[in-house]
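Undergrad: Here it is, the structure, as structure tokens.
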Amino acid sequence: MPVAIRVGAQSATLAPVLRDARKTSALNLNGAFMRRFPIFKVVIKDDERAFLTRDGKFQKLLGPGRFQKLDLGQRYDARVQKIVNAEVPVETALLLEKTHQAVANENFEIVQTTANEVAIVSLDGQPRHMLPPLTTRAFWKTRTLVDVEVINTEESLKIDPRLYAKLDLNVTSLVTNAVVHNHQVGLLYIDGKLIETLPPGRHVYWNVGKKVEVATVDTRPQPLEVTAQEILTKDRVGIRVTLTAFYKIVDPVVAQTKSTDIGNTLYRLIQFAIREAVATRSLDEILAARDEIDSQVRSFVGERAAELGAEVGEIGVKDVILPGDVRDLLNKVVEAERTAKANLIRRQEETAATRSLLNTSKLMEDNPLLLRLKELEALEKLVEKVGRIDLHAGQNGGLDALLSKLYSLKDGEKDT
């Protein structure tokens, strides 16, 4: 049944219905269109960029936002990459530099080093990369401040101290980093050739194109313990001798050139010297002349140490170790000598005491008063050892008679 639509007041009522109908028709048309004709879409963030290609050929560099395009046959592709403190694939950067130079110059920082160059790349003021020779790298500079410092190592192998903070000195193989202490001397070798000696301090060199090495030599006195070695004396007694020596390096260049291990070389020389000194002496001579052995060994080793750039200070025999039976025999000899010496001293003292008694008796024989004084001295010593003494002067005695028989000290005469 046909519907009649009146135009006029009723047209306003039908307007929303018509709009909805058109929108629905457009959506249906669009869905049908997209099903029949696909659309290429890509969304790019602020910290990203996309390389848009069509059939594998670069079209443009897409910035942040949404990009969509009719893609009949699915010919479009987009490769999205981060751009903050990031690198660009070198092949892509070099290709765009040749085919789309304006795009490359605006967005990339391409760094290339030659055979004698090193490059330090800083991103936003922070050193991040160190490029060795013959290297090519590319970096995004769209949202990052890229600073490149290229250094020609051919001009000077020594690294400027201002670059220390930009280099990881303990990791990179492009740098030789050495610290020479106050008690050391540094030796700089380039391609195996000694160039110069280095004073105390930090020394950093580029290890590029040439092999740079820094050796340090300790100039402090060093102890050297020569362990016991069995040696036959002149009288065929096997003994073991240990020594202690002190040496120091006085010419580092000669020491490094003439010997790979100066301490081990001196050790062998001391062994040769002590064997020579012991083999030409008897056991008694060795025990009695240790100072002479020290002097002989020091003279022998000192001359040869000077040729090696070293100086030998003190050398001393520390121990002389004897076989067990020889040690027991020597102990008996020493004990007998001490016993004989003790007997001799005792007899000398007895002789002296007898001589003293003889002299005293002669004096008493010629001097009765002295004899009497000796008697009183003996009486005094006796009184000290007993508690009581009774003196008897005889039948008609008494104290007066006892005293009258004492010698008088007056004029050396006897009282009656």
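Derivation of every value follows stated rules applied to the coordinates shown; laboratory data play no part. For clarity, every value in this text was computed on a predicted model and none was experimentally measured. Reconstructed Cβ throughout: ideal geometry from the backbone, glycine too, with neighbour counts over all protein chains shown.
Undergrad: So if R0 is 41 Å, what FRET efficiency would Asp46 and Asn182 give, r being the distance between their Cβ atoms, rounded to the nearest 0.05?
TA: 0.15
Undergrad: What's the Kirkwood radius of the stretch 222-322 in Å, using all Cα pairs?
TA: 13.8
Undergrad: How far apart, in nm, are the 7 Å Cα→Cβ label points at Thr354 and Ile39?
TA: 14.4
Undergrad: I would also like to ask the following. Expressed in nm to one decimal, what extension gain is obtained for the pair Leu72 and Val253 from 0.36 nm per residue of sequence separation less their Cα-Cα distance?
TA: Using 0.36 nm per residue and subtracting the Cα-Cα distance, I get 57.3 nm.
Undergrad: Kindly put Ser122, Ser356 in sequence by how many other C-beta atoms sit within 10 Å of each C-beta, fewest to most.
TA: Ser356, Ser122
Undergrad: May I pose another question? On a straight-distance basis, which aspartates and glutamates could pair with Lys57 in a cross-link, Cα separation under 17 angstrom, same-chain partners fewer than 8 positions away excluded?
TA: Leaving aside aspartates and glutamates fewer than 8 places away in the same chain, those within reach of Lys57 are Asp71, Asp77, Glu91, Glu97.
Undergrad: Collect residues whose amide H, placed 1.01 Å from N in the peptide plane, falls under 5 Å from the amide H of Thr172; neighbours closer than 5 in sequence don't count.
TA: Sorted by chain and number, the residues that satisfy this come to none at all.
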